[in-house]
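S.K.: Quick one: structure below, then a few questions.
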Amino acid sequence: MVAETDLHLRAARARGPVLASATYLSEPGSLAHLTHTAERWGITLEEPYADVYPGNLVYRCALRDGTPAVIKTEPDRVPDDEFLPGLDALLLYGGRGMVRVLEAARDERVVLMERVVPGETLWEVPFDDALRALASVMTKLRAVPPTGHSFPEARSYDRAWPNHRRLYGGAGPIDADLFEIGERLFIELCVSSAAPVVLHGDLHYGNVLSSDREGWLAIDPKGVVGEPCYEVGDVFRNRVDELYESPDPVRAMRRRVETVADLTGFDRERVRGWALAQAVLSEVWTADNPARASHVDLRAARLLHSIGPFG
């Protein structure tokens, strides 16, 4: 599910030469499976969304009665597949705080969703309004993980640091102090976490859309289990340029932390800690691919570190 506007993510055309492969077309997550499933459901495919994650296919479509909807499929990205956990999160919330699922075909890896209208993202919304919108969604995502669930655990992400050390022999291209601080904070916060809930896991400004149905709705969840405060991380790793354009970037970041804490009821130092740990984690994940790394995450981490602990 994506907005009518561009998501400002790492965009790539979903259609391209790769779709000409007969092998690709025959696999779950392919255009063939998407088309077949749409026909079975009586769905009329319309224009594809161009700016989606590489390999994903997302189309505008219409139901039998003409109601606008969105249909999506993704290839299986083992071992870190996000489609099925994301689908399970959508189904668990049933339209509360997230886009509503209309139909799903797990084996074909196809999901049919309501089209969020008007569907504007938060990238260009005045910043304080954007924070209020994000917080309004965040506070609705408090579902207890079902018994026997298969959602990934946020705490398992701590393996990124030892994996990085094996690759680089140390911090590599990441500031050594931030690398160590990020790991320590991440482990400490996991150990002291509150009762876990099912989180969105990727709640940035492009994944929350304006909705006539519920004010603001989240799209494209990863489906991750962790304490509620974990969800704040993406708020601080995005729209970072605006902080550096202010007269006092550190003060501006401090205000962002305070505002998010006030809107959500989370402890200020815990908000800062999760934001800093996840900013470093995100940089660790991208460090093995210099073409992807923009160091935006490190810029955010430096500001969050400069704030210092809240008393």
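S.K.: Is the range 12-114 best put as rounded, prolate or oblate by its Cα gyration tensor, with a ≥ b ≥ c the root eigenvalues, rounded for a/c under 1.5, and otherwise prolate when a/b is larger than b/c, oblate when not?
M.R.: Since a/c reaches 1.5 but b/c is at least a/b, the shape of the range 12-114 is classed as oblate.
S.K.: Okay, moving on. How many nm separate the modelled label positions at residue 159 and residue 78, each set 7 Å beyond the Cα in the direction of the Cβ?
M.R.: Label-label distance for residue 159 and residue 78, simple model: 1.5 nm.
S.K.: Continuing with the same structure: Taking the Cβ of residue 191 as the centre, find all other residues whose Cβ is under 14 Å away and add up their charges (Lys, Arg: +1; Asp, Glu: -1).
M.R.: Once positives and negatives cancel, what remains is -2.
S.K.: Tell me the mean residue ellipticity at 222 nm calculated for the chain from its helices only (DSSP H runs of n ≥ 4, each -39500 (n - 2.57), averaged over every residue, nearest 500).
M.R.: The helix contribution divided over the chain gives -11500 deg cm²/dmol.
S.K.: Sticking with this structure for a sec: So how much slack lies between residue 124 and residue 241, counting 0.36 nm per residue of separation and subtracting their Cα-Cα distance, in nm?
M.R.: Length difference between fully extended and current span is 40.8 nm.
S.K.: With θ set to phi - 60°, apply the Karplus curve 6.51 cos²θ - 1.76 cosθ + 1.60 along the range 250-257 and write out the HN-Hα couplings as whole Hz, x wherever there is a Gly or Pro.
M.R.: Calculated HN-Hα couplings, in order: 5, 5, 5, 5, 4, 5, 5, 4 Hz.
S.K.: Still on this structure, I have one more. Contact order normalised by length for the chain, with contacts defined as Cα pairs under 8 Å and 6 or more residues apart; what percent is it?
M.R.: RCO, the chain: 17 percent.
S.K.: Then there's this: Going by a ≥ b ≥ c, the root eigenvalues of the Cα gyration tensor, does the range 157-311 fall in the rounded group (a/c under 1.5), the prolate group (a/b larger than b/c) or the oblate group?
M.R.: Here the range 157-311 falls in the rounded category.
S.K.: Now, a different point. Could you list 70, 280 so that the one with the fewest beta carbons within 10 Å of its beta carbon is first and the one with the most is last?
M.R.: 70, 280
S.K.: Using a Gaussian network for the chain with springs between C-alpha atoms less than 10 Å apart, which of these wobbles most: 173, 48, 75?
M.R.: 173
S.K.: Can you tell me the Rg and Dmax of the chain, counting just the alpha carbons, in angstroms?
M.R.: 19.6, 60
S.K.: P(r) for the range 138-198: what percent of alpha-carbon pairs falls in each 5 Å bin, starting at zero?
M.R.: Taking all Cα pairs of the range 138-198, the binned fractions are 4, 14, 21, 18, 15, 11, 10, 6, 0 percent.
We did not get these values from a lab; they are worked out from the coordinates using the rules stated. Quick caveat, the model's predicted, so the values are computed rather than measured. Note: ideal-geometry Cβ built from the backbone for every residue, glycine included; neighbour counts use all protein chains shown.
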